[in-house]
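Written out below as C-alpha cells is the structure these notes cover.
Nothing in this text is a laboratory measurement; each read-out follows from the coordinates by a stated rule. As the structure is a prediction and not an experimental result, all values here were calculated from the model. Virtual Cβ from ideal backbone geometry, glycine too; neighbours counted across all protein chains shown.
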Amino acid sequence: MAAEAIRVYGKIDVLINNAGISMRALFEEVDLDVVRKVMDINFYGVLYATQSCLPEIMKNKGSVVGISSIAGYRGLPGRTGYSASKFALNGFLEVLRTEMLKKGVHVLTACPGFTASNIRKRSLVNDGSAQGESPRDEATMMTAQECARHIYRATVKRKKVIILTAQGKLTVFLNKWFPGWMDKIVYNVMAKEHGAPIQ
C-alpha cells in the first residue's frame, strides 16, 4: 500500500487510519475470534499501515491520523472488542505522538461520537455474523461528511486530540471524574438500544 502510494503520488504526507469494524455482544457470550478480528482490523491494521508509511511521513514532516472513538475513553457494554481496540489505539497514538515530538511528525487522535455510517449494520454479533441493521437512529447522528470536515481542520491545525459532539465531550469528562456513576449512566443508555444485549 505504501509503495503503491509513493509510486502513484511520489510521496506520503498524511496517513488517515480510518478502517474499522464494530461488534455487539456480551463478553460472556462472544466467540473470542470475534474480538480478535476486531482487534486485527482496528488496532493491528493501524500499526501495520503506520509503520509502513512512517519513513515517508517523517521525511515530509507529515501527519498520522487515527480515527478512534469515545469508546476509547469509556468502555461500552456489549462492545468488548471495539472498546478494547480503541483504548489500545489511543495508547498507541499517544506513544507515537510522544516519540515523534522532536521529529516534526504530527499525530492526531480523532474521537467522533456516534456518526451515521454502515459500521453498526456490519457490526459483528457473538458468533461473528453481521448484525444487519443499526440499533440506533442514524438520522439523528453527525454525518460522515461533517465528521470528515472536523478531522480535516484538526489535521491542518496539527491538533493532538479532537473529541467530537457535546455528548462525547461530556462522556469523556464525566467518566474521568465520576467513573462509578458513569457505569450506571452508560448502562442505562446502551440498554435502550433496539435489541440491546443488556437489559
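Key figures
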{"item": "Listed residues Tyr9, Pro77, Phe173: farthest to the positive end of the dipole of the chain (Cβ charges)", "result": "Tyr9"}
{"item": "Read-out P(r) over Cα pairs in 10 Å bins from 0, in percent, derived from the coordinates shown; its label in (1) 7, 18, 15, 12, 11, 11, 9, 7, 5, 3, 2, 1, 0; (2) 9, 33, 36, 17, 5, 0; (3) 7, 23, 25, 22, 11, 7, 4, 1", "result": "(2)"}
{"item": "Amide H contacts of Leu108 (H built 1.01 Å from N, under 5 Å, at least 5 apart or other chain)", "result": "Val64, Val65, Gly66"}
{"item": "0 to 90° range, to nearest 10: angle between helix 166-177 axis and the chain longest Cα axis", "result": "80"}
{"item": "The chain: calculated mean residue ellipticity at 222 nm from DSSP helix runs of at least 4, using -39500 (n - 2.57)", "result": "-14500 deg cm²/dmol"}
{"item": "The range 151-199: C-alpha gyration tensor shape, a/c 1.5 cut-off, then a/b vs b/c", "result": "oblate"}
{"item": "Normalised contact order of the range 2-191, rounded percent, pairs of Cα under 8 Å and 6 or more residues apart", "result": "24"}
{"item": "Low-density loop positions, trypsin sites (Lys or Arg not before Pro), the range 160-194 - DSSP coil, at most 15 other Cβ in 10 Å", "result": "Lys160, Lys192"}
{"item": "Separation of the Glu28 and Lys11 label points, Cα + 7 Å toward Cβ, nm", "result": "5.6"}
{"item": "Cut-off 17 Å, label 7 Å out along Cα→Cβ of Asp183, residues of the range 50-82 by amide N", "result": "74-80"}
{"item": "Stretchable slack from Met58 to Thr98, in nm (0.36 nm times residue separation minus alpha-carbon distance)", "result": "13.0 nm"}
{"item": "Residues with amide H under 5 Å from that of Leu76, placed H, sequence gap 5 or more", "result": "Ser83"}
{"item": "Nearest-ten-degree value, helix 144-156 long axis tilted from longest Cα axis of the chain", "result": "40"}
